[in-house]
Amino acid sequence: MRNHYIGLMSGTSLDGADGVLVDFSAGRLRVMGVATEPFSDVFRAELLALNFQGPNELHRAAIAANQLARVYAGVVRSLVAQGAAGGIDANQIEAIGAHGQTVRHQPAPLRAGDGGYTLQLNNPALLAELTGLQVVADFRSRDVAAGGQGAPLAPAFHRNVFGRADATVCVLNLGGISNLSVLPPADTAPVLGFDCGAGNALMDAWCHRHTGQPFDAGGAWAASGRLIPALLASLLDEPYFTLPPPKSTGRDLFSLTWLDQKLAAFAAERPEDIQNTLAEFTVVPCVSGVTRYGIDSKQLIVCGGGAFNDHLLRRLQAGLPSLRVSASDQHGLPPLQVEAAAFAWLARQAILRQAGNLASVTGAAGPRVLGAIYPAGPD
């Protein structure tokens, strides 16, 4: 069994595809290469549009899946080159774990009566052809088929990388959507995890609309504004926040259309004040999740793009004064590598025929091997 895997992730932030080359031979992962490829503005806009019904969407989705596979292949080529420079030949790479791009997420418990679904755009067959490597993809569907949410899948990986035998650890991924993992000391209690709510998605969209920038660097624009309490209350008056875990969400709910409806009564407010309030809207459900489910933890490890938002980190620390809030690079894995590394790990789990989900997190009927395997393309 070869011990090198590639993990690929393109998340709800829609900024591009991230990849890592990981070595599992030492009993724990070691990142051997890192690569990223940004999405063009046109491609990003098309992926956003495909989150909702539109004209000729089946054709457009198929074309977008092909384009994503080609972006992924570019990331893989960079990682293979980095591996070769470090003495790792391509034939030493067991598989690629390719998450795909989520465009619809309607899991079963929230879609009673129709079984639910989760849909990630991808063309793993094309990716296998382009790279000559085995590909593991479609990680979420089996969990949904077993009655689970299909998300979040990261908590099992978080336990493997950040879990401790002597203390509870909380891990917060601040991507387009925020999700929390609560990792009790080994074997003392089930791992918990769920999507808290909007992460960077609404802040990024609002920032782009008013400043032309793809995100609020460091949270400086949000920090320049003031909280609008009535708007925050309106944003938090969303039934999703009253649901108990297991639960997951996405752009199906927390979209710019949803935000514009909420903002209709606040048209006179300054954009920077709305940005400040959106930041607080991201923070409050995360603080609530930690307070309710991980209060015995002494640390909150933050990963994802939001780990670089100093304003968010300050607000998280203010809301959780008894915890130490720190970015994941202080715990051995840089924030932008965590999710891609998780899908390298999930690909390895699939190849080993070991479960990749945690029923305590997703609500599935039990542990399941996740992912479909696409054999390597021609040399």
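The values are calculated or read from the model by the stated rules, or taken from the named source; none is laboratory data. Since the structure is predicted, the reported quantities are computational estimates derived from the model, not experimental observations. In this analysis, Cβ positions are derived from the backbone assuming ideal geometry, glycine residues included, and neighbour counts consider all displayed protein chains.
The residues on offer are 347, 341, 355, and the sole one that is part of a loop (DSSP other than H, G, I, E, B) and at pLDDT 95 or above is 355. Among the residues that make up the range 115-128, is at least one of them at pLDDT below 95 and among the β-branched types (Val, Ile, Thr)? Yes, some residue in the range 115-128 is at pLDDT below 95 and among the β-branched types (Val, Ile, Thr). Within the range 278-288, one or more residues are modelled with pLDDT of 95 or more, among the aromatic types (Phe, Trp, Tyr) and under 14 Å from residue 178 (Cβ atoms). Selection of the range 319-358 for residues being in contact with a Pro (Cβ under 6 Å, 6 or more places away or on another chain) and more than 29 Å from residue 15 (Cα to Cα) yields only 355.
Report yes if some residue within the range 275-283 is surrounded by fewer than 19 Cβ atoms within 10 Å (Cβ to Cβ) and over 14 Å from residue 306 (Cβ atoms); otherwise report no. No, there is no match, as no residue in the range 275-283 is surrounded by fewer than 19 Cβ atoms within 10 Å (Cβ to Cβ) and over 14 Å from residue 306 (Cβ atoms). Suppose the filter is in contact (Cβ under 8 Å) with a residue 24 or more places away in the chain, farther than 27 Å from residue 176 by Cα and surrounded by fewer than 22 Cβ atoms within 10 Å (Cβ to Cβ); does residue 86 pass it? Against the criterion (in contact (Cβ under 8 Å) with a residue 24 or more places away in the chain, farther than 27 Å from residue 176 by Cα and surrounded by fewer than 22 Cβ atoms within 10 Å (Cβ to Cβ)), residue 86 qualifies. Of the strands (runs of 3 or more DSSP E) lying entirely inside the range 1-80, those carrying at least 2 residues that are touching a Ser or Thr at 6+ places or on another chain (Cβ under 6 Å) and either over 21 Å from residue 175 (Cα atoms) or outside the structural domain of residue 179 (by TED's automatic domain parsing) (or both) are 16-23. For the range 286-304, the criterion of being under 18 Å from the mean Cα position of the chain (by Cα) and among the hydroxyl-bearing types (Ser, Thr, Tyr) is met by no residue. Taken together, 344, 355 contain a single residue that is within 22 Å of residue 177 (Cα to Cα) and either small (Gly, Ala, Ser) or assigned by TED's automatic domain parsing to the domain that holds residue 12 (or both), which is 344. In this structure, is residue 189 of a type in the set (A, V, I, L, M, F, W, C), surrounded by fewer than 24 Cβ atoms within 10 Å (Cβ to Cβ) and assigned to a loop (DSSP other than H, G, I, E, B)? Yes: the conditions hold for residue 189.
Scanning the range 42-96 for residues that are under 19 Å from residue 251 (Cβ atoms), in contact with a strand residue (DSSP E or B) (Cβ under 7 Å, 6 or more places away or on another chain) and of a type outside the set (A, V, I, L, M, F, W, C) yields one hit, 51.
For the range 287-302, filtered to residues that are part of a loop (DSSP other than H, G, I, E, B) and in contact (Cβ under 8 Å) with a residue 60 or more places away in the chain, the residue that is nearest to residue 196 (Cα to Cα) is 294.
With respect to residue 213, determine if the residue is buried (at least 24 other Cβ atoms within 10 Å of the Cβ), in a loop (DSSP other than H, G, I, E, B) and either in contact (Cβ under 8 Å) with a residue 60 or more places away in the chain or on the phi < 0 side of the Ramachandran plot (or both). Considered against the rule, which asks whether it is buried (at least 24 other Cβ atoms within 10 Å of the Cβ), in a loop (DSSP other than H, G, I, E, B) and either in contact (Cβ under 8 Å) with a residue 60 or more places away in the chain or on the phi < 0 side of the Ramachandran plot (or both), residue 213 comes out as no. Scanning the range 241-286 for residues that are closer than 11 Å to residue 197 by Cβ, among the β-branched types (Val, Ile, Thr) and either part of a helix (DSSP H, G or I) or assigned by TED's automatic domain parsing to the domain that holds residue 13 (or both) returns 282, 283, 284. Here is the figure for the range 164-187: residues that are over 28 Å from residue 105 (Cα atoms) and small (Gly, Ala, Ser) total 3.
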